[in-house]
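S.K.: My questions will all concern the structure given below.
The values are calculated or read from the model by the stated rules, or taken from the named source; none is laboratory data. Keep in mind the model is a prediction, meaning the values are calculated, not measured. So basically every Cβ, Gly included, is an ideal-geometry build from the backbone, and we count neighbours across all protein chains shown.
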Amino acid sequence: MAINLFLEWPLLKQLVRGGDGTGPEAMSPRTRALRPRHVGASVARSVCPYCGVGCGQRIYHRDGQLVAIEGDPDSPISQGDLCPKGAASFQLLTHAARLTRVKYRAPYATAWQELPLEQALDMVADRVWASRERGFVEARDGEVLMQCPSIAHLGGATLDNEENYLIKKLFSAGLGMVAISNQARI
């Protein structure tokens, strides 16, 4: 009995059974019982939203809860690798200090206030329209322009072609914007 207990020591296990001290000979029963947190979870494939590279991500979820985010080894772009921002996606989405409500600080105010999302969107829309009204140029030197050079749009890096097409149509034809670009220029 004492000999069996003695042989459970990792160093003696390694000497008797072989190994380099990093495999099963170094594991406790508790360590052997560990499983990845995403075992049994559903997986959705996605693209990291933090730059224009478009690294593949696997999003693991169970019962409506985010379980883990990892690099997608099937991605032809990143082959399972993620940069520090992409690798921190899970923490960025689940951290207890993550802001989940709209914060607004009025001009010259010293404190932030929470606003309902609908009110914040209405405020943005009102300000865009007011800027368009102030800066809209119908004609110059007898030429019809119908342009708004006072507003610009910079698209996100992970928008697809269809989304960029709709944004271009909405902002150029709908608002007359001429400064429309996208950060995905790789």
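S.K.: Considering only region 32-45, I want to know if a residue exists there that is in contact (Cβ under 8 Å) with a residue 60 or more places away in the chain, part of a loop (DSSP other than H, G, I, E, B) and under 22 Å from LEU93 (Cα atoms).
M.R.: First, the residues of region 32-45 that are in contact (Cβ under 8 Å) with a residue 60 or more places away in the chain: none.
Looking for residues that are in contact (Cβ under 8 Å) with a residue 60 or more places away in the chain, part of a loop (DSSP other than H, G, I, E, B) and under 22 Å from LEU93 (Cα atoms), one finds none in region 32-45, hence no.
S.K.: Pull up region 165-186, narrow it to residues that are within 15 Å of PRO49 (Cα to Cα) and of a type outside the set (D, E, K, R), then point me to the one that is surrounded by the fewest Cβ atoms within 10 Å (Cβ to Cβ). Reasoning before the result, please.
M.R.: Going residue by residue through region 165-186, those that are within 15 Å of PRO49 (Cα to Cα) are 182-186.
With the extra rule that they be of a type outside the set (D, E, K, R), the set shrinks to 182-184, 186.
Values: ASN182: 16, GLN183: 13, ALA184: 16, ILE186: 8.
Filtering first and then ranking leaves ILE186.
S.K.: Determine whether ARG132 is part of a helix (DSSP H, G or I) and either in contact with a Pro (Cβ under 6 Å, 6 or more places away or on another chain) or in contact (Cβ under 8 Å) with a residue 40 or more places away in the chain (or both).
M.R.: Numbers: part of a helix (DSSP H, G or I): yes; either in contact with a Pro (Cβ under 6 Å, 6 or more places away or on another chain) or in contact (Cβ under 8 Å) with a residue 40 or more places away in the chain (or both): yes.
Against the criterion (part of a helix (DSSP H, G or I) and either in contact with a Pro (Cβ under 6 Å, 6 or more places away or on another chain) or in contact (Cβ under 8 Å) with a residue 40 or more places away in the chain (or both)), ARG132 qualifies.
S.K.: I'd like the full set of residues that are among the β-branched types (Val, Ile, Thr) and surrounded by 14 or more Cβ atoms within 10 Å (Cβ to Cβ), limited to region 140-164.
M.R.: Of the residues in region 140-164, the ones among the β-branched types (Val, Ile, Thr) are 144, 151, 158.
Those that are among the β-branched types (Val, Ile, Thr) and surrounded by 14 or more Cβ atoms within 10 Å (Cβ to Cβ): ILE151, THR158.
S.K.: Within region 50-70, can you find the residues that are surrounded by fewer than 19 Cβ atoms within 10 Å (Cβ to Cβ), among the small types (Gly, Ala, Ser) and touching a residue at least 12 places away in the same chain (Cβ under 8 Å)?
M.R.: The answer is GLY52, GLY54, ALA68.
S.K.: If LEU92 satisfies every condition in (1) in contact with a His (Cβ under 6 Å, 6 or more places away or on another chain); (2) of a type outside the set (Asp, Glu); (3) within 22 Å of LEU159 (Cβ to Cβ) but one, which is the exception?
M.R.: Unmet for LEU92, out of (1) in contact with a His (Cβ under 6 Å, 6 or more places away or on another chain); (2) of a type outside the set (Asp, Glu); (3) within 22 Å of LEU159 (Cβ to Cβ): (1).
S.K.: Could you please give the count of residues in region 139-162 that are under 17 Å from the mean Cα position of the chain (by Cα) and among the acidic types (Asp, Glu)?
M.R.: 1
S.K.: Hey, another quick one. Let me spell it out: the conditions are (1) over 19 Å from the mean Cα position of the chain (by Cα); (2) touching a residue at least 24 places away in the same chain (Cβ under 8 Å), and LYS103 meets all of them except one. Which number is the exception?
M.R.: (2)
S.K.: Would you call SER75 assigned to a loop (DSSP other than H, G, I, E, B) and either in contact with a Lys or Arg (Cβ under 7 Å, 6 or more places away or on another chain) or modelled with pLDDT of 90 or more (or both)? Don't jump to the end; show me each part of the working.
M.R.: Details: assigned to a loop (DSSP other than H, G, I, E, B): yes; either in contact with a Lys or Arg (Cβ under 7 Å, 6 or more places away or on another chain) or modelled with pLDDT of 90 or more (or both): yes.
Yes: the conditions hold for SER75.
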